[in-house]
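Participant: Before I ask anything, let me first share the structure, which is written out below as structure tokens.
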Amino acid sequence: MFDSTLLIIKIGGGSGLNLEGIITDLTELNVPTIIVHGANALRDEMASAMGVERRTITSLKGYTSVFSGPAMLDVMMAAYSGVRNKRIVELCQQHGINAVGLSGLDGRVVQGRRNPGIRTMQDGKKVLLRDFSGKPRSVNVSLLTSLLRQGYTPVLTAPIADENGVAINMENDDVVTVLARDLNARQIVSFIEAPGLLQNADDESSVIPHVDPQQLESIETAVDGRMRRKIKAIRTLFSEGHRPDVQVVLADGRVEHPLRDALAGAGTTFVTTGAHAPVSNSTDTRELQDKFELDVYGKRGIVLVSGIGAHVWDDTGKKYIDCIAGHGAVNVGHRHPGVAEAITEQTSTLGTCPGAFYNNAKARYLQALVTAAPANLTRAFLCNSGTEAIEAAMKFARLHTQRGGMVAMQGGFHGRTFGAMSATGNAKLATPFQPLLPGISHVRFNDVGQLEEAVTKETAAVLLELVQGEGGVHPVDATYIATARDICDANGTLLIIDEVQTGFGRTGTLFACERFDIRPDLLCLAKGIANGAFPMGAVVADDHITVPVGLHGSTFGGHPVACAVASATLDALTTTGLLPDVTRKGDELVERIRASKAPLIREIRHLGLMIGFELKTRVRPILTALAQRGVLALPAGTKVLRLLPPLTIDDEDLRHVADAVVDSCGIPTNVS
Ligand code: PLP
């Protein structure tokens, strides 16, 4: 077994794949990799140039393959291990990847068994045809391991060796399966000439983003031709003693950055849910937490054990559509492959780095964040949570302006530490902890007159959310926020925008500031910044704001793992075309629910996938009813039902969520 994070890249044999792009992307990764490739298009070209007949046979079970007679085997060797293998090795070498090209025959790197024959129909009769094809059984682990350990990238292709050392053809997908098992691979990316597994073979936009391997059997019977073989190989991979966290991504090899996109979540990801933890363990879980946790939350009684994409599973195997998403943090979906990869890679490189030292993961993320943020924001401070971002912004505002006053909004929410809590406009949350931070006044949200009155030359900052989340999903008025900017400018007051909840695509643009065309002086971020996979927060500051060295800091702020995860999250948000769809998804969900006229819903407010339902009843029983219907949702106060699903949620799940909300909020009267 190879004891590291092995990546296997399978490159299909079609002529339309962007080989250069795959290899270029590979240079950005620093993980041991094996490349397995085909050359079907080239084989067919060479066969016809050499006058060798290409014969296709379809087995009685419906699997199609090219008949590997002696002449075709020669052509195949020339195409696979001759031309294409050397071309890929050459490309790797040109990009600084020290590749070693091997057929399965060399060093018996892949050994298999020749097929006894393929049962097929000929002229209406069943016949058994035998060619030089077979199935891989094992790989030469010590040869591959020693190459990988010395930093080489093996590039493998057909033929493989049978028990007698005879060259036989095989399916590359089967080789990948055996390699992954014998070398303990963690991730497999298989490039095809399609954007992934499609719901409808003729519609490239119908990609199925995630597949639970338990569904593979039914998928295998529903697809045909080469895809059926592929699905069969993936099914074997999940059923044959592989490591439980293996991930397979079926991704588009035609795009500009095939590997980068695949690792950022494009294509179809197959991954086990691990959802079937024994019930006895879960009983322990509840007992242990009930006994040992100083619980400040109150529990809903559900034990969550795993998640992928927009779904989570409980200990009984029940699946939920997760419209809580870690309180609006898991924007690119649970167990996102690029995010997971970033954690493993960075923890195995440098697990922590104090702020007084430079670090490449931090440098790279700071650049990416500042580039993505509104143009006037040019530097960022990194911390560990939303409340810390607010705390830092409040301190920076006091330092910069040398003033003590602060104006915040009634109904606003900014966190649980003393400064942020004092700024939070909800007496119920703050009064028990008095005395609070002095100098903070609260004004009515969206009331220009009150703001004008409250802001003076003593005010260091105005602090507000663009959509009040915890306060009940209330978007700011565009005129109010524009006037707030003017009021701040007139008084030398800073404008702190809290985008802890609205940031990173939640409202349909990367930051809600873009939607409202507003220029903050300090922008506070957290939640979705690292997809909920790692605690993190940030303050991005206007160019003119200065903070002296030595007055603020954090042991873990700007942690290299947080930065690596945040970079992967930002990549996933910005390179996969996800954001433009967020507004449509939110609008369609809301329209479907609105059309139902569900009796318990008084009003619906939303921006993108930040959705609130003002109810005529208390929200708690509705949350329970939704959970019974397989949807996890959260409250905002006592009467608002809030949905914050992963932005990657698909249309089918959204329809299910809409129907569950309608069902839980009373009997619909006129659903179309
Ligand atoms: N600001 C806003 C707008 C929030 O919604 C939250 C949390 O819900 C916070 C700040 C505090 O973030 P954290 O829980 O990461 O401290």
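The values are calculated or read from the model by the stated rules, or taken from the named source; none is laboratory data. Since the model is a prediction, treat every value here as computed from it, not as a measurement. Cβ coordinates were reconstructed from backbone atoms using ideal geometry, including for glycine residues, and neighbour counts include every protein chain displayed. Heavy atoms of the whole protein, side chains included, go into the accessibility calculation; ligands, DNA and RNA do not. Shrake-Rupley method; radii C 1.70, N 1.55, O 1.52, S 1.80 Å.
Participant: Just to verify a number: FRET efficiency for residue 656 and residue 458, C-beta to C-beta distance, R0 = 60 Å, to 0.05? Don't skip to the answer; put the middle values down first.
Facilitator: Working: r = 52 Å, r/R0 = 0.87.
E between residue 656 and residue 458, to the nearest 0.05, is 0.70.
Participant: When the label point is put 7 Å from the Cα of residue 552 along its Cα-to-beta-carbon vector, which residues of segment 439-471 have a backbone N closer than 20 Å?
Facilitator: Correct set: 439-441, 458-466.
Participant: Rg(Cα) of segment 521-615 divided by 2.2 N^0.38 Å? Intermediate results must be reported in sequence, preceding the final value.
Facilitator: Working: Rg = 18.8 Å, N = 95, 2.2 N^0.38 = 12.4 Å.
So segment 521-615 has a normalised radius of gyration of 1.51.
Participant: Here is a further query. Applying the Karplus parametrisation 6.51 cos²θ - 1.76 cosθ + 1.60 with θ = phi - 60° to the phi angles of segment 509-523, what ³J(HN,Hα) value in whole Hz is obtained for each residue in order, glycine and proline being reported as x?
Facilitator: 10, 3, 10, 5, 3, 5, 5, 9, 6, 10, 9, x, 8, 9, 10
Participant: Using only alpha-carbon positions, what ratio does the radius of gyration of segment 518-558 give when scaled by 2.2 N^0.38 Å?
Facilitator: Working: Rg = 12.3 Å, N = 41, 2.2 N^0.38 = 9.0 Å.
Ratio of Rg to 2.2 N^0.38 Å for segment 518-558: 1.36.
Participant: Output needed: percent of Cα pairs per 10 Å distance bin for segment 531-581, bins running from 0 to the one holding the longest distance.
Facilitator: With 10 Å bins starting at 0, P(r) equals 20, 38, 32, 10, 1.
Participant: Using only protein heavy atoms and a 1.4 Å probe, report how much of residue 588 is accessible, in Å² to the nearest 10.
Facilitator: Taking all protein chains as shown, residue 588 has close to 100 Å².
Participant: For 509, 569, give the ranking by accessible area with the largest first, probe 1.4 Å. Could you put the intermediate results ahead of the total?
Facilitator: Working: 509 35, 569 0 Å².
Result of the area sort, largest leading: 509, 569.
Participant: Still on this structure: For the chain, with every protein chain kept in place, what is the accessible area per residue (1.4 Å probe, Å²)? Don't skip to the end; give the middle numbers.
Facilitator: Numbers: 28390 Å² over 672 residues.
Heavy-atom SASA per residue in the chain reads 42 Å².
Participant: Relative contact order for the chain using alpha-carbon pairs under 8 Å, separation at least 6, rounded to a whole percent? Working shown, then result.
Facilitator: Working: 1453 pairs, mean separation 80.1, N = 672.
With pairs under 8 Å counted, the relative contact order is 12 percent.
Participant: Another question, if that's okay. Which lysines, if any, have their Cα less than 23 Å from the Cα of residue 10, not counting same-chain residues under 8 positions apart?
Facilitator: 86, 135, 230, 232
Participant: Ordering 176, 370 by accessible area with a probe of 1.4 Å, largest first, what comes out? Walk me through the intermediate numbers first.
Facilitator: Working: 176 10, 370 35 Å².
In descending accessible area the options line up as 370, 176.
Participant: So what are the radius of gyration and Dmax for the Cα set of segment 76-216, in Å?
Facilitator: Cα only, segment 76-216: 17.8, 55 Å (Rg, Dmax).
Participant: Can I ask one more? In what sequence, highest mean first, do 71-78, 403-410, 528-535, 312-319 appear when ranked by Cβ atoms within 10 angstrom?
Facilitator: 528-535, 403-410, 71-78, 312-319
Participant: Using the per-residue mean of other Cβ atoms lying within 10 Å as a proxy for protection, in what order, highest first, do the peptides 125-135, 340-350 fall? Can you show the working numbers first?
Facilitator: Working: 125-135: 15.9, 340-350: 17.9.
Descending mean neighbour count gives 340-350, 125-135.
Participant: How large is Rg over Rh for segment 159-211, taking Rg from the Cα atoms and Rh as the Kirkwood inverse mean of 1/r across Cα pairs? Don't jump to the answer; show the numbers that get you there.
Facilitator: Details: Rg = 15.6 Å, Rh = 13.8 Å.
Checking Rg against Rh, the ratio lands at 1.13.
Participant: Same structure, new question: How are the C-alpha pair distances of segment 484-544 spread across 5 Å bins, as whole percents from the shortest bin up?
Facilitator: Calculated over all Cα pairs of segment 484-544, the distribution is 4, 19, 25, 23, 15, 9, 3, 1, 0 percent.
Participant: Once you have the Kirkwood Rh of the chain from its Cα pairs, apply Stokes-Einstein at 25 °C and 0.890 mPa s and quote D in µm²/s. Could you put the intermediate results ahead of the total?
Facilitator: Values: Rh = 27.4 Å.
Value of D from the Cα-based Kirkwood radius: 89 µm²/s.
Participant: Would you please put 371-377, 246-252, 217-223 in order of how densely packed they are, using the mean number of other Cβ atoms within 10 angstrom per residue and starting with the highest?
Facilitator: Working: 371-377: 16.4, 246-252: 23.9, 217-223: 14.0.
Those peptides, ordered most packed to least, come out 246-252, 371-377, 217-223.
Participant: Enumerate the whole-percent occupancy of each 10 Å bin, from 0 to the last occupied one, for all C-alpha pair distances of segment 34-150.
Facilitator: For segment 34-150, the pair-distance distribution reads 12, 35, 33, 16, 4, 1.
Participant: So what is the calculated 222 nm ellipticity per residue for the chain, using -39500 (n - 2.57) for each DSSP H run with n of 4 or more, over all residues, to the nearest 500 deg cm²/dmol?
Facilitator: Values: 23 runs with 238 residues, N = 672.
After summing the helix terms and dividing by the residues of the chain, the value is -10500 deg cm²/dmol.
Participant: Please list, in chain and number order, the residues 5+ apart from residue 138 or on another chain whose amide H is under 5 Å from its amide H, with Hs placed from the backbone.
Facilitator: For residue 138, the qualifying residues are 111.
Participant: Over all pairs of distinct alpha carbons, what does the Kirkwood formula give as the hydrodynamic radius of segment 445-570, in Å? Please report the intermediate quantities before stating the final value.
Facilitator: Working: mean 1/r = 0.0635 Å⁻¹.
This gives a value of 15.7 Å.
Participant: Suppose R0 equals 35 Å; then what is the FRET efficiency for residue 203 and residue 54 from their Cβ-Cβ distance, rounded to the nearest 0.05? Mind dumping the intermediate values first?
Facilitator: Values: r = 30 Å, r/R0 = 0.84.
Computed FRET efficiency for residue 203 and residue 54 comes out at 0.75.
Participant: Still on this structure: May I ask for the distance between the Cα centers of segment 435-507 and segment 402-434, given as a whole number of Å?
Facilitator: 12 Å
Participant: With a point put 7 Å past each Cα toward its Cβ, work out how far residue 447 is from residue 86 in nm, to one decimal.
Facilitator: 8.1 nm
Participant: Straight distance only, please: which lysines reach the Cα of residue 639 with their own Cα at less than 30 Å, same-chain residues fewer than 8 apart left out?
Facilitator: 299, 318, 319, 428, 527, 585, 597, 616
Participant: Apply the Karplus curve 6.51 cos²θ - 1.76 cosθ + 1.60, θ = phi - 60°, to the phi angles in segment 189-206 and return the couplings in whole Hz, x for Gly and Pro.
Facilitator: So the Karplus estimates, Gly and Pro as x, are 10, 10, 8, 10, 9, 7, x, x, 6, 9, 5, 10, 4, 9, 10, 5, 8, 9 Hz.
Participant: If a/c stays under 1.5 just call it rounded; otherwise compare a/b with b/c (prolate if a/b is bigger, oblate if not). Do that for segment 1-59, with a ≥ b ≥ c from the square roots of the Cα gyration tensor eigenvalues.
Facilitator: Details: a/c = 3.80, a/b = 2.05, b/c = 1.86.
Prolate is the answer for segment 1-59, as a/c is 1.5 or above and a/b outweighs b/c.
Participant: Can you work out the Karplus-derived ³J(HN,Hα) for every residue in segment 162-175? Use 6.51 cos²θ - 1.76 cosθ + 1.60 with θ = phi - 60°, whole Hz, and x for glycine or proline.
Facilitator: 7, 4, 9, x, 7, 6, 10, 7, 7, 8, 4, 4, 5, 4
Participant: Assuming R0 = 35 Å, can you tell me the calculated FRET efficiency for the pair residue 418 and residue 620, based on Cβ-Cβ distance, to the nearest 0.05? Write down the numbers at each step before the final one.
Facilitator: On the way: r = 29 Å, r/R0 = 0.83.
Plugging the Cβ-Cβ distance into 1/(1 + (r/R0)^6) gives 0.75.
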